Structures are given as C-alpha cells and as structure tokens.
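Just so it is clear, none of the values below were taken in a lab; they were calculated from the coordinates. It should be emphasised that the depicted structure is a prediction, and the values quoted were computed from it without experimental measurement. For neighbour counting, all protein chains shown are included, and Cβ atoms are generated from backbone atoms with ideal geometry for every residue, glycine included.
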Amino acid sequence: MDRQPALLFDLDGTLVDSVYQHVLAWRRAIADQGFDLSAWRIHRRVGMSGGLLVNALGRELGHEFTDAQVQAVQAAHTRYFRELSGGVGPLPGAVQLLRELGHRGIPFAIATSGTRATAGPSLEKLGLGPEVPVVTRDEVPFAKPDPDLFLAAASHLRVEIAYSIVVGDSVWDILAARRAGALGVGVLSGGYSRQELEVAGAFRVYQDPGLLRDHLDELGIRG
C-alpha cells in the first residue's frame, strides 16, 4: 500500500452544514413514536450510527425501543431529513479544500454514518467526482463510534490507516479514528467544543474546512 497520507472526512457537520437538519429530523421521528425530546439532547448524539443513536435517545427518555420501533424511527428520520435537505449546503471552504486536495494529488475519501439515501443530496452539493470513494452506513457492519467506516475508506484508497488522518466534527468521529489507529483532527462546525474534541483525542481542532485548508502543513500534508 502507498504510504502517502490520506484524509478521511466525515460528512455532516464536517463538510456540509447539515447537523441541525438531522437534529430536527430525528426529533420529528421520535415524536412519531409519542415522545418529546429537546433538540440539544439529540444533538449530542448526532454522528453515531442510527441504531445506536435511537437506543441512546431511548435511555434519555427512560424507554427501551423495540427493534421495530428503532427501524421505524430510522425510516422516518430518512424521510424527514430528505424534506429538509434543500437547506443543506457546503460549510465555508469545504468545496475549495476538496478541490485543492484533488489538484495536489492528495488522496481523500468520505466516510459517513448516514445512509446513501440521506448522504446523497449533501454529496451532490460538494461536486465530488466519481473517483472519490464514499463509504456510507449501508456498506459496513458497524458505524461510528466503531472504526469500520474509516478502515473501509482507507482500504478504498489503498492507504494504510496508520498514515491516514480522520477529519470530523464530533467526539464519535475522533473516537472511531482512535480505534482505527488513525490521527484525528476536529472541526468546530458541527457544534462540539474545542475542549470536547481535544479531550476525545483530536490532534488539532480548526474552526471549519476553510481554516483546515489554510493549515494543511500542520498535518504533514505535502504535494
């Protein structure tokens, strides 16, 4: 495998400004089951696998969702998010960052806990070409905070995970990066604080993709 460092990006809150649409979609999906849950409690779980997220929200409510309810909530979330996805756009500097990486020949991939159905509209707005690997929840046994998504993304790029850099906005991204054996870098654009990301193990934390682009040299990115 090539030892050239690669960047493995989360999607929601890292490259596209979609976290709060996801929060609203999860809240509506939970409400369909007869429960009211504050948006801030849901936000703390965004970035996890959908199944884990629903079960975690159940603990917040003091309710154990059945398997059928978990599936119903996930399906409703997908439906509601697609209704809200028209308001989703790239985060500041995201498109320029990805274009620069491509121009410089630096390999990168997208690894998201979202399904292909929820990720599709956001991916289109980034203008990615077919050569960019995208790994979604549908393609791996487990999503974040398990490492499977990032391991699969590195494999698609034929880059060793130890020479990869995971970029994410949530503590779940950073935890998954650590478990995979990759360097974790955080961005603040998903709503987690610098302290939270650093405590989780982020090597560096930047405001958004635009600031990350300005500091690629700090990560040993050359080319």
Everything considered on the Cα gyration tensor (a ≥ b ≥ c; rounded for a/c under 1.5, else prolate if a/b is larger than b/c, else oblate), the stretch 115-165 must be described as oblate
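At a Förster distance of 35 Å, what's the computed FRET efficiency of GLU60 paired with GLU83, Cβ-Cβ distance as r, to 0.05? Mind showing how you got there, number by number?
Details: r = 24 Å, r/R0 = 0.69.
In this case the efficiency is close to 0.90.
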The distance between the Cα centres of the stretch 191-211 and the stretch 57-77, in whole Å, is 30 Å
Scoring the chain by relative contact order with C-alpha pairs under 8 Å, at least six apart, yields a percentage of 26 percent
Placing +1 on each Lys and Arg Cβ and -1 on each Asp and Glu Cβ in the stretch 19-86, then taking the dipole about the Cα centre, the residue among SER49, GLN71, ILE30 whose Cα reaches farthest towards the positive end is SER49
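Can you give me the relative contact order of the stretch 19-86 as a percent, contacts being Cα pairs under 8 Å and 6 or more apart? Spell out each step's value before the answer.
On the way: 66 pairs, mean separation 30.1, N = 68.
Averaging sequence separation for qualifying contacts and normalising by length gives 44 percent for the stretch 19-86.
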One would report the antiparallel percent of DSSP beta bridges in the chain, rounded to the nearest 5, as 5 percent
For PHE142, PHE81, ascending order of other Cβ atoms within 10 Å (fewest first) is PHE142, PHE81
Of every Cα-Cα pair in the stretch 19-86, the percentage lying beyond 14 Å is 50 percent
In the neighbourhood of TYR80 defined by beta carbon distances under 11 Å, the net charge of the other residues (Lys, Arg +1; Asp, Glu -1) is +2
Simple spin-label estimate for SER155/ASP217, 7 Å along Cα→Cβ, in nm, reads 3.7 nm
Interchain or sequence-distant (5+) residues whose placed amide H lies within less than 5 Å of the amide H of ILE165 are ALA6, LEU7, LEU8
Within the set THR66, THR115, THR14, GNM on the chain using Cα springs under 10 Å gives the largest fluctuation to THR66
Here, ARG104 and ALA68, labelled 7 Å along Cα→Cβ, have an inter-label distance in nm of 5.4 nm
Along principal axes, largest first, the alpha-carbon spread of the stretch 171-223 in whole Å comes out as 29, 24, 13
The residues HIS22, HIS43, HIS103, sorted from fewest to most surrounding Cβ atoms within 10 Å, come out as HIS103, HIS43, HIS22
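Which helices, taking whole DSSP H runs in the chain, have alpha carbons extending 24 angstrom or more along the helix axis plus mean Kyte-Doolittle at least 0.0?
Details: long enough: 67-84 (26 Å, -0.53).
Helices meeting the span and hydropathy rule in the chain: none at all.
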